[in-house]
Amino acid sequence: MEMAIKPTCDICGKELKEFGALLFSPPNKNSEVKKFHLCKSCYKKLNLK
């Protein structure tokens, strides 16, 4: 699968070869959030249920 953009995982730094996950921070006092790209491996390490 060829991705149109080449994002990297914000945890391990590796290029995402397939779709992973997006993680959004809680909003700050200005209602701004940060968006993070995660590979499948790093997402699994978060152990979210």
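The values are calculated or read from the model by the stated rules, or taken from the named source; none is laboratory data. What you see is a predicted model; the values in this text were computed from it and never measured. We work out accessible area using only protein heavy atoms, side chains counted, and drop any ligands, DNA or RNA first. Shrake-Rupley method; radii C 1.70, N 1.55, O 1.52, S 1.80 Å.
List of remarks:
- Using a probe of 1.4 angstrom and keeping all protein chains present, the accessible surface of the chain works out to 89 square angstrom per residue.
- Ignoring lysines fewer than eight residues from Lys45 along the same chain, the ones with Cα atoms less than 28 angstrom from its Cα are Lys6, Lys14, Lys17, Lys34, Lys35.
- With N counted as the residues of the chain, its alpha-carbon radius of gyration over 2.2 N^0.38 Å works out to 1.27.
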